[in-house]
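Values in this text are rule-based calculations from the coordinates and carry no lab data. If you're wondering where the values come from, they're calculated on a predicted model, not measured in any experiment. Here the Cβ positions follow ideal geometry from the backbone for every residue, glycine too, while neighbour counts run over all protein chains shown.
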Amino acid sequence: MTRALLVAALCLCVGMQGAFGETQSVIDPTEGSEVARPPAPGAKKPPRSDAAVKRERQRAEEEQRRRALAEARAQAAENEAARLRASEQARHAEAAAREAAA
């Protein structure tokens with residue numbers, strides 16, 4: 001019986017050491033590993049030349065003009081559609097009035 005008790009105590013101690021080791025690696029996974037290196041410096045973009053800035057500005061202005069023209073065309077089409085709808089409604093109202101008078 002003492003022998004069984006000794007074996008059980010030994011197994012318990014060995015099992016606890018394994019569990020402690022697993023727990024320790026989860027808690028502090030960096031212990032024993034290499035020191036983390038600082039990140040490599042990123043490649044810096046060279047300063048943009050005045051010509052590149054000017055081209056970019058011109059491109060942006062051209063895009064803005066195109067959008068303004070497209071918006072103006074869309075507004076004109078919307079106004080024309082509203083005018084045609086009003087004209088059609090007036091024609092229908094006139095036809096209905098003629099039918100009612102007849």
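Decide, for the range 55-102, between rounded, prolate and oblate: order the square roots of the alpha carbon gyration tensor eigenvalues as a ≥ b ≥ c, take rounded if a/c falls under 1.5, and otherwise choose prolate if a/b is larger than b/c, else oblate. The shape class here is prolate.
Between Arg73 and Ala95, the modelled labels are 3.3 nm apart [label points 7 Å from Cα along Cα→Cβ].
Only the Cβ atoms of Lys and Arg (+1) and of Asp and Glu (-1) were treated as charged; on that basis the dipole of the range 55-102 about its Cα centre amounts to roughly 240 debye.
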